[in-house]
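Throughout, read-outs are computed from the coordinates displayed, never taken from laboratory work. What you see is a predicted model; the values in this text were computed from it and never measured. Glycine also receives a Cβ, built like all others from the backbone with ideal geometry; neighbour counts cover every protein chain displayed.
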Amino acid sequence: MNTQLPTLYIVIPCYNEEKVLPITAPLFLAKIQELVSNQQINNQSRILLVDDGSKDSTWKIITELSESDPHYCGIQQSRNRGHQNAVLAGLMTAKDLCDITISIDCDGQDDINAMNEMVAAYKDGCDVVYGVRSARDTDTFFKRFTAQSFYKLLNNLGGEVVYNHADYRLLSSRFLQSFAEYKEVNLFLRGMVPLVGFKSTCVYYKREERMAGESHYPLKKMIGLAVDGITSLSVKPLRLITGFGAVVSLLSFIGIIWVLIGYATGNTINGWASTVCAVFFIGGVQLLSLGIIGEYIGKIYIETKHRPRFIISNKTTNLADNNQNMIG
Ligand code: UDP
Ligand code: MG
């Protein structure tokens with residue numbers, strides 16, 4: 001009977017989380033035990049904690065957890081590479097060891113009870129189950145506004161991103177085998193997942209406050225993620241520049257005719273304001289356009305290097321005999 005049940009790996013990125021991990025890790029364990037006793041998953045299921053090069057005692061906590069209960073295991077990245085890369089390292093480690101993965105942050109903000117529904121959706125034939133926030137009450141007005149504008153902008157630019165979905169999702173190992181072929185270095189997982197395909201569905205949950213510690217996503221990083229998201233999913237900004245350039249050229253042409261007429265009629269003294277405005281305007285547009293083009297060239301530059309997206313430097317002993325996918 002048990003062999004029919006899927007093996008679940010919960011993949012959890014952790015960066016400097018010594019404050020919150022001791023609180024949330026037992027909650028994940030309790031969830032695994034509940035799912036096992038509900039006969040939704042088998043007892044080979046694990047909690048895979050990914051230390052993203054933390055500078056505090058996070059890795060020590062992870063190794064202690066793995067010694068305290070065999071359901072915990074962990075990998076350590078050779079340095080901090082960011083949330084998306086940490087999740088990828090975890091998923092690539094898990095993909096050959098399990099049937100399904102669920103990625104979730106370690107701060108307790110995402111409701112772990114949604115996992116029951118996610119696993120049920122997998123049983124119904126879905127390879128991808130998106131965890132979607134039903135409300136954003138706990139966010140500040142500013143975070144809510146910027147996040148919603150970002151989703152709208154991204155979808156208008158052609159990226160297929162599920163509204164209000166972050167990185168809480170179920171992925172089957174079948175999905176991950178295909179996903180492993182997406183070799184890009186600029187990672188924006190929530191935009192890449194829909195590109196792979198397979199049957200998907202959404203599960204809704206309410207997002208809470210962080211249980212302890214502090215957010216690693218200040219405004220600067222959020223803007224960085226937004227720019228990366230847009231430029232790695234869509235080339236529409238480049239086309240917008242072309243369109244805008246065409247409009248400005250047309251206006252300039254009209255302007256030139258206006259200037260020539262003014263010259264011919266001897267009416268050329270009062271031209272200072274319009275000249276300065278035109279210089280500022282064209283200068284600004286050109287700089288902005290160059291910046292956008294530069295953003296894409298920068299991406300090409302990074303991609304051509306083919307640098308690894310993650311390097312695993314350590315594994316907990318209960319994972320140590322598996323030496324595949326240490327670099328990817
Ligand atoms: N995280 C990571 N590497 C980083 C930054 C964050 O692995 O460089 C992890 C972090 O430990 C957490 C998750 O990514 O589990 C989400 O981070 P956080 O809660 O700080 O972001 P927020 O929820 O505020 O957007
Ligand atoms: Mg968080």
Subtracting the Cα-Cα distance of Arg239 and Ile293 from 0.36 nm times their residue separation yields 18.4 nm
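Applying 1/(1 + (r/R0)^6) with R0 = 35 Å to the Cβ-Cβ distance of Cys277 and Lys220, what FRET efficiency is obtained, to the nearest 0.05?
Once the sixth-power term is evaluated, E becomes 0.60.
Can you tell me the relative contact order of the chain? Whole percent, Cα pairs under 8 Å, sequence separation 6 or more.
On the way: 492 pairs, mean separation 71.8, N = 328.
Relative contact order comes out at 22 percent.
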Using 1/(1 + (r/R0)^6) with R0 = 56 angstrom and r between the beta carbons of Glu303 and Asn267, what's the FRET efficiency to the nearest 0.05?
0.55
Using the basic label-point model (7 angstrom from Cα toward the beta carbon), what is the Ala135 to Ser252 distance in nanometres?
5.4 nm
Taking 8 Å as the Cα distance limit and 6 or more residues as the minimum spacing, I'd like the relative contact order of the range 100-226 as a percentage.
45 percent
Gaussian network model of the chain, springs between alpha carbon atoms under 10 Å - residue of Leu176, Leu219, Leu88 with greatest fluctuation
Leu219
Between the modelled labels at Glu181 and Gln148 (7 Å from Cα along Cα→Cβ) the distance in nm is 3.9 nm
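Based on the Cβ-Cβ distance of Ile23 and Asn113, what FRET efficiency does E = 1/(1 + (r/R0)^6) give at R0 = 22 Å, to the nearest 0.05? Please list the in-between numbers first.
Working: r = 17 Å, r/R0 = 0.75.
Plugging the Cβ-Cβ distance into 1/(1 + (r/R0)^6) gives 0.85.
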Along the Cα→Cβ direction, 7 angstrom out, place labels at Val259 and Asn323. What is the inter-label distance in nm?
7.0 nm
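Which order results if Asp167, Asp52, Asp321 are arranged by neighbouring Cβ count within 10 Å, fewest first? Present the calculation step by step, with values, prior to reporting the outcome.
Details: Asp167 18, Asp52 25, Asp321 7.
So the residues, fewest neighbours to most, are Asp321, Asp167, Asp52.
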Could you tell me what percent of the DSSP beta bridges with both partners in the chain are antiparallel, to the nearest 5?
35 percent
May I ask you to sort Arg210, Arg309 by Cβ crowding, counting other Cβ atoms within 10 Å and putting the fewest first?
Arg210, Arg309
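Show me the trypsin sites (Lys or Arg not before Pro) within the range 1-97 that DSSP assigns to loop and that have at most 13 other Cβ atoms within 10 Å of their Cβ.
Values: sites: Lys19, Lys31, Arg46, Lys55, Lys60, Arg79, Arg81, Lys95; in loops: Lys19, Lys55, Arg79, Arg81, Lys95.
Hits after loop and neighbour filter: Lys55, Arg79.
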Equivalent-ellipsoid semi-axes (√(5λ), Cα gyration tensor) for the range 128-247, whole Å, largest first?
25, 22, 14
Calculate, in nm to one decimal, what Asp96 and Gln4 gain on full extension: separation in residues at 0.36 nm each, minus their alpha carbon distance.
31.4 nm
Using the number of other C-beta atoms within 10 angstrom as an exposure proxy, rank Val162, Val11, Val247 with the fewest first.
Val247, Val162, Val11
Name the helices (complete DSSP H segments) of the chain with a Cα length along the long axis of 27 Å or more and a Kyte-Doolittle mean of at least 1.0, or state none.
236-264, 272-305
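Which whole-number percent gives the relative contact order of the range 18-87, counting Cα pairs below 8 Å spaced six or more residues apart?
Working: 78 pairs, mean separation 23.3, N = 70.
Here the relative contact order equals 33 percent.
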